[in-house]
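Have a look at the structure below before the remarks.
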Amino acid sequence: MRAQGTYRSHLSTPQEIDMATGTVKWFNSEKGFGFIEQDGGGPDVFAHYSNIASSGFRELIEGQKVEFDVTQGQKGLQAENITPKG
């Protein structure tokens, strides 16, 4: 078993350790973006189709539970590595 500090030292960002969870508030598949409401409160997070971790046609469905990394974008918080939860 590795010490926790050793494990963390090879990760590039803290988001890789604890992913955020939330619910898709809305997503416009024609425009390729929408917003995710964070579990536990906080501001909604911008979601772009290019940050959905899947192959083929990428879209999110209103009410869908997801996990994601939160980063600071040019206009506010944005989700990266978005994956369906469950």
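The values are calculated or read from the model by the stated rules, or taken from the named source; none is laboratory data. Since we're looking at a predicted model, the values are computed, not measured. Neighbour counts run over all protein chains shown; Cβ positions are idealised from the backbone, glycine included.
Of note:
- Residues that are farther than 11 Å from Ile61 by Cα, part of a strand (DSSP E or B) and in contact with a Lys or Arg (Cβ under 8 Å, 6 or more places away or on another chain), drawn from the stretch 16-36: Thr21, Gly22
- Residue in the stretch 38-55 that is touching a residue at least 40 places away in the same chain (Cβ under 8 Å) and not charged (D, E, K, R) present: no
- Scanning the stretch 41-86 for residues being assigned to a loop (DSSP other than H, G, I, E, B) and among the hydrophobic types (A, V, I, L, M, F, W, C) gives a total of 4.
- Residue, modelled with the lowest pLDDT, within the stretch 77-86, restricted to residues that are closer than 17 Å to Phe27 by Cα and surrounded by fewer than 17 Cβ atoms within 10 Å (Cβ to Cβ): Lys85
- Screening Glu59 against (1) exposed (fewer than 12 other Cβ atoms within 10 Å of the Cβ); (2) of a type in the set (Asp, Glu); (3) at pLDDT below 95 leaves a single unmet condition, (1).
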